[in-house]
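Below is one structure, written out as C-alpha cells, with a few remarks after it.
The values are calculated or read from the model by the stated rules, or taken from the named source; none is laboratory data. What you see is a predicted model; the values in this text were computed from it and never measured. In this analysis, Cβ positions are derived from the backbone assuming ideal geometry, glycine residues included, and neighbour counts consider all displayed protein chains. Note: areas computed on protein heavy atoms with side chains; ligands, DNA, RNA excluded. Shrake-Rupley method; radii C 1.70, N 1.55, O 1.52, S 1.80 Å.
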Amino acid sequence: MNRKSVLLLLAGIMLFSSTAWAQGGFEFTQQEHKLEIIPMYGYAWTWSKSAYYGTYSGDVDLKNGDFWGIAGDINVKPGMQLRLLYRRQDTQVTWKFQGTTEDVGDIGVEYWHIGGVAGMQKGKIMPFTAFTLGTTRYIVDGFDDDYKFSIILSIGAKVYLNERLGLFFSGQMPFTFTDAFLGIGTGGMSFGGTGIVQMDLVGGVIVCL
C-alpha cells in the first residue's frame, strides 16, 4: 500500500469517527477489551555517522523513508499495557565523501521488541508514553544478517472510535547500540560510535479484541 492510500484510509476513518461522535458517540473504557492489534505505517529519519568505506573516511547514512509494522498491546491493568512490536524499513545505505553522495546498496532494518505502554485515558483519547527493547536486524544481500540491541522511546495518543476500532498516532525515537562497530553493505563499509539514532512519525488503526 502506497503512502497516498494510507493517508486516504486514515482520513476516511477520522471522518467516520467525527460523524459517530456528532451522533452521540460510544461509551467506552480501556478495560473492556484485552488486546489491541495495531497495524502501522510511518516515515523515519536517520542521523548520519562518521564511517570508513575501504580506506576512506566519510559519513554513512540510511536514506530517510517509509516503514511499516504491527504492534500487539495487551491490557495488564488500568493505564498499563504490554507491547509486542515488529517493524521493517527497506531503504538504501549512502556514502558521503568530499561533497559527493553514493548509493552503496539496499538494506532492510527490522525491529523485534517487547516493552510497556503507560497512559491515562480521558474520554475517548488516551495520551501515552512507551518504552520497548529488543533487537535490530540489519539485512544486506550477500552478507550475514547483523543483530544489535536496541530501544525505542515513544510518545503519542490513541483515539478510540468505538468499542472495536480506534486510531494510533505516535512520534518515536529508535536507538540501536552498535557496540562501537558495525559492518554493512558492500566494499567493507564500517562505522563506530555508540549507536544509530532514528526519529519517526507513525500512524495506524487499532483493532480491539
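Below is a table of values for the structure above.
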| quantity | calculated |
| --- | --- |
| Under 17 Å from the Cα of K96 - lysines, other chains or at least 8 residues apart | K49, K63 |
| Average accessible area per residue (Å²) across region 58-115 - probe 1.4 Å, nucleic acids and ligands excluded | 46 Å² |
| Region 36-124, dipole about Cα centre (Lys/Arg Cβ +1, Asp/Glu Cβ -1), debye to the nearest 20 | 560 debye |
| Cβ-Cβ FRET estimate between F143 and W47, R0 fixed at 22 Å, reported to 0.05 | 0.45 |
| Computed accessible area, S50, all protein chains, 1.4 angstrom probe, square angstrom | 80 Å² |
| Whole-Hz ³J(HN,Hα) from phi, Karplus 6.51 cos²θ - 1.76 cosθ + 1.60, for region 120-126, glycine and proline x | 10, 6, 10, x, 9, 10, 10 |
| Near-label residues of region 99-116 by backbone N, under 18 Å of a point 7 Å along Cα→Cβ of I74 | 112-116 |
| Extension gain (nm, one decimal) between I114 and V207, 0.36 nm per residue minus Cα-Cα | 31.6 nm |
| Surface accessible to a 1.4 Å probe, V60 within the full protein complex, Å² | 10 Å² |
| For V104, distant residues with modelled amide H under 5 Å away | V93, T94, W95 |
| Carbon plus sulfur fraction of accessible area for region 29-166, probe 1.4 Å, in percent | 60 percent |
| Given charges at Cβ of Lys, Arg, Asp, Glu: region 57-173 dipole, positive-most of T91, V104, G142 | T91 |
| Solvent-accessible ranking of K63, K49, K158, largest area first, probe 1.4 Å | K63, K49, K158 |
| 15 Å beta-carbon shell around G58, net charge (K/R +1, D/E -1) | -2 |
| Aspartates and glutamates with Cα under 13 Å of K77, excluding same-chain neighbours fewer than 8 positions away | E32 |
| 3J(HN,Hα) from dihedral phi, region 66-74, Karplus parametrisation 6.51/-1.76/1.60, rounded to Hz, x for glycine, proline | 7, 8, 9, x, 8, 10, x, 9, 9 |
| Efficiency of FRET between I125 and F177 - r from beta-carbon atoms, R0 41 angstrom, step 0.05 | 0.75 |
